[in-house]
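First the structure, in the form of structure tokens, and then the observations on it.
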């Protein structure tokens with residue numbers, strides 16, 4: 001049991017401790033403090049300079065937490081082949097994406113397009129004057145917002161980006177006096193969070209000054225209460241579409257010929273329909289999409305939490321949470337489409353600072369932000385297609401549990417010889433926690449009895 005009093009003592013002044021002191025203090029909470037300290041310390045990088053870079057990514061860092069870095073070869077997108085990096089602890093995700101990549105490589109590959117790259121931010125404020133007066137003043141305010149942020153936007157404008165538009169949004173139906181300045185931005189190859197937030201905070205200052213300096217307003221009308229200025233991670237106009245398609249007959253057969261192309265297409269389409277009409281299934285369906293997207297977003301040093309938040313909100317845009325994918329079987333063609341919002345960058349942030357993020361970007365051929373959006377969405381569709389392929393044919397557990405076989409064997413501390421025998425045995429037998437345990441018991445008894 002954790003000693004809460006000990007935690008309280010450690011917490012007092014913790015941030016002022018050196019890294020080594022923080023590590024020692026944290027390790028003191030474990031039953032074997034010396035062993036815990038040594039284990040935690042062992043995950044620090046041997047290169048002190050590089051470890052310092054890792055430490056400065058966050059606060060109160062004491063060590064590193066490793067995740068597997070896998071790759072999916074020969075992912076064809078718009079006729080171009082990619083080696084796709086994926087950072088995830090679940091081996092079946094990489095396997096599903098690889099299987100899908102191989103399947104579609106002979107059927108035209110993946111197709112992708114950018115719908116738009118517009119991002120949004122808001123200044124939320126309270127103003128208790130007459131709405132009509134605010135609307136009359138807004139064109140003049142809008143002009144000031146653009147002109148007085150030039151010192152922030154100049155460099156972004158040189159790259160083809162900047163502030164696209166600002167609109168006044170009336171939210172008084174929800175709260176008396178509540179309005180928004182809703183701004184749209186183009187941030188080119190950066191994700192743009194810092195740029196957008198800097199613009200919005202400057203907007204807030206300009207907004208206050210605009211009203212305070214006017215002589216044609218009453219004292220109460222000069223008062224603007226800015227609540228907050230922040231970008232929105234919901235980016236419905238920063239949208240990517242990716243799809244696969246081929247004639248139905250070219251899908252082939254499955255399960256040793258037991259399931260033909262037409263039956264597969266029908267069952268697959270019904271599985272998508274289920275995810276469209278049933279929220280319980282939609283949640284798992286979309287989670288499978290983000291298994292792929294998150295893995296690639298992490299590998300490239302982007303913000304997977306923002307990407308997921310946008311996607312799940314987009315999945316609810318009709319008022320009901322639903323599938324992010326849709327399918328079209330018209331004209332005897334199988335066309336499966338994913339449409340998803342995401343804001344990614346290839347410059348700034350961890351993409352430049354984290355050495356593995358840099359390698360990931362290089363591995364993908366140094367794409368711009370738009371191309372990276374298409375690659376990430378493809379990772380999502382590849383994983384989702386692989387999952388639905390399994391669900392509508394062999395079932396998810398057959399392949400899923402075989403992917404977890406080594407994890408189960410490691411749980412039972414199997415030797416390398418035992419692992420080799422188990423892998424061979426379970427090529428033809430169903431994997432489960434209990435079946436692996438029974439196999440090891442029998443195998444070990446046999447070795448014990450027969451030497």
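Being surrounded by 15 or more Cβ atoms within 10 Å (Cβ to Cβ) and not assigned by TED's automatic domain parsing to the domain that holds residue 147 is not true of residue 224.
Listed here are the residues, each with its yes/no results for (1) surrounded by 15 or more Cβ atoms within 10 Å (Cβ to Cβ); (2) closer than 16 Å to residue 356 by Cα.
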{"residue": "23", "(1), (2)": "yes, no"}
{"residue": "26", "(1), (2)": "yes, no"}
{"residue": "48", "(1), (2)": "no, no"}
{"residue": "57", "(1), (2)": "no, yes"}
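Being surrounded by fewer than 19 Cβ atoms within 10 Å (Cβ to Cβ), within 13 Å of the chain's Cα centre (by Cα) and in a helix (DSSP H, G or I): is that true of residue 376 here? So residue 376 fails the test. What number of residues within region 341-368 are in a helix (DSSP H, G or I) and either touching a strand residue (DSSP E or B) at 6+ places or on another chain (Cβ under 6 Å) or surrounded by 24 or more Cβ atoms within 10 Å (Cβ to Cβ) (or both)? So the count comes out to 2.
Put simply, of 318, 295 the only residue that is farther than 27 Å from residue 159 by Cβ and either surrounded by fewer than 24 Cβ atoms within 10 Å (Cβ to Cβ) or without any contact (Cβ under 8 Å) to a residue 40 or more places away in the chain (or both) is 318.
Could you go through region 135-153 and let me know if any residue there is within 24 Å of residue 351 (Cβ to Cβ) and not in a loop (DSSP other than H, G, I, E, B). For region 135-153, residues within 24 Å of residue 351 (Cβ to Cβ) and not in a loop (DSSP other than H, G, I, E, B): present. One residue alone among 311, 319, 301 is part of a helix (DSSP H, G or I), modelled with pLDDT of 95 or more and either over 20 Å from residue 370 (Cα atoms) or assigned by TED's automatic domain parsing to the domain that holds residue 369 (or both), and that residue is 311. Of all the listed residues (388, 338), the sole one being assigned to a strand (DSSP E or B), closer than 26 Å to residue 84 by Cα and either assigned by TED's automatic domain parsing to the domain that holds residue 90 or touching a residue at least 24 places away in the same chain (Cβ under 8 Å) (or both) is 338.
The values are calculated or read from the model by the stated rules, or taken from the named source; none is laboratory data. Keep in mind that what you see is a predicted model, and the values were worked out from it rather than measured. Backbone-built Cβ (ideal geometry, glycine too); neighbour counts: all protein chains shown.
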